[in-house]
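Take a look at the structure set out below.
The values are calculated or read from the model by the stated rules, or taken from the named source; none is laboratory data. Here the structure is a predicted model, which means the values were calculated and not measured. Backbone-built Cβ (ideal geometry, glycine too); neighbour counts: all protein chains shown.
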Amino acid sequence: MFVDRWSRDPSVKKIILFGSVARGNIHRGSDLDLIIVQETDKKFLSRLEPFYRDARIAMDILVYTPDEFAAMTEGVFLKNALRDGVVIYEAGTGKRREQMAEASGT
């Protein structure tokens with residue numbers, strides 16, 4: 001499963017589910033919207049490839065470094081994503097939303 005696999009990767013620090021699924025507004029065209037915070041030196045677009053390769057269902061994935069994520073916390077996009085979103089994995093906290101991961105097939 002997607003979340004299980006990536007939560008074991010030490011470079012992945014956080015996975016946040018946001019968008020319609022996180023808000024409970026699931027409809028026929030819904031996909032999973034994920035923000036992944038990852039320790040990486042890769043350029044933005046290069047970061048996406050391993051995650052999309054591993055996806056088994058429709059997903060929109062954004063991957064930010066911890067510094068990028070911290071710099072964006074005051075922006076409208078990230079504020080909205082965090083307000084409506086669900087942290088489904090956070091490194092070092094033991095936080096992992098098993099029921100969300102299982103329900104979404106990730």
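Annotations for the structure displayed:
- Selected residue (criterion: surrounded by the fewest Cβ atoms within 10 Å (Cβ to Cβ)) from residues of the range 1-25 that are over 13 Å from the mean Cα position of the chain (by Cα) and of a type in the set (S, T, N, Q): 25
- Residues that are at pLDDT 95 or above and of a type outside the set (Lys, Arg) were ranked within the range 26-43; the one that is surrounded by the most Cβ atoms within 10 Å (Cβ to Cβ) is 34.
To keep it simple, each residue is scored yes or no on (1) touching a helix residue (DSSP H, G or I) at 6+ places or on another chain (Cβ under 9 Å); (2) exposed (fewer than 11 other Cβ atoms within 10 Å of the Cβ).
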position	(1), (2)
56	yes, yes
65	yes, no
70	no, no
82	no, no
88	yes, no
